[in-house]
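*Asks:* Just passing along the structure, written as structure tokens.
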Amino acid sequence: MNIIFLGPPGAGKGTQSKRLEERYGLVQISTGDMLRAEVARGSDVGNQAKSLMDSGRLVPDELIIAMLKSRIEQPDCAKGFILDGFPRTTGQAEALDTMLTADKKKIDVVLFLDVDEDILADRISGRFTCAKCGATYNEVSNPPKQEGVCDACGSHEFKRRADDKRETVVERLKEYRKLTAPILPFYEKTGRLHKINGMLSTAEVTAQIEAVMAGQ
Ligand code: AMP
């Protein structure tokens, strides 16, 4: 089963796709995480992407499509994958369809996490992750049970994303509105788009997603 998570930055795509990965044994592919790893390695791709990411802009389609293509060709993706943060433009959605068709694969489900824009900036600026195990938290909606201690691994070290600053979030939301939101009709037309209310609790959002999955 191949799944796409769509939704604005801060909608909960990362959190929910990690849950789906564990529950259904699929591979989560976050293009944002892949790019951050390239930036950390100082690779050519990372160097090209860094300033765009820091300013909240999307990286060019050619670069991200090539990166995604080589990732989904890896053997672990044969059992099914969850795309988190891809596609983000109509060009990417079309390129994805072409590469999957060539491989006799398809997208089975598109989950759209719908969240009102006015609550996204607060959500994003409150989020942080454990520096050791990557567990995700939010100051308001999902703090660690004991302040300053990771629930999952007990670490005391946490980190925030450089592009989660308020100024950058405004730019990321603009890019979403202009380039990503227009791809929703592309998937709606095919009957594969499922709209999920992303403004409920994390557990309630997961329950809605599981109901969609149960119907597959
Ligand atoms: P994310 O972690 O998904 O929020 O992505 C962080 C940043 O990486 C975005 O603001 C973009 O600069 C870049 N990025 C991630 N995925 C894509 C994509 N599919 N297309 C273009 N840029 C992307």
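The values are calculated or read from the model by the stated rules, or taken from the named source; none is laboratory data. Fair warning: this is a prediction, and the values are worked out from it, not measured in the lab. Note that each Cβ is placed from the backbone with ideal geometry, even for glycine, and that neighbours are counted across all protein chains shown. These area figures cover heavy atoms from the full protein model, side chains too; ligands, DNA and RNA do not enter into them. Shrake-Rupley method; radii C 1.70, N 1.55, O 1.52, S 1.80 Å.
*Asks:* Right, Arg19: in a helix (DSSP H, G or I), away from the ligand (no atom under 13 Å from the Cβ) and under 26 Å from Ala135 (Cβ atoms) or not?
*Replies:* On the way: in a helix (DSSP H, G or I): yes; away from the ligand (no atom under 13 Å from the Cβ): yes; under 26 Å from Ala135 (Cβ atoms): yes.
In short, yes.
*Asks:* Answer yes or no: is there a residue in region 113-123 that is open to solvent by less than 10 Å² (accessible area, probe 1.4 Å) and over 30 Å from Ala203 (Cα atoms).
*Replies:* Checked region 113-123: no residue is open to solvent by less than 10 Å² (accessible area, probe 1.4 Å) and over 30 Å from Ala203 (Cα atoms).
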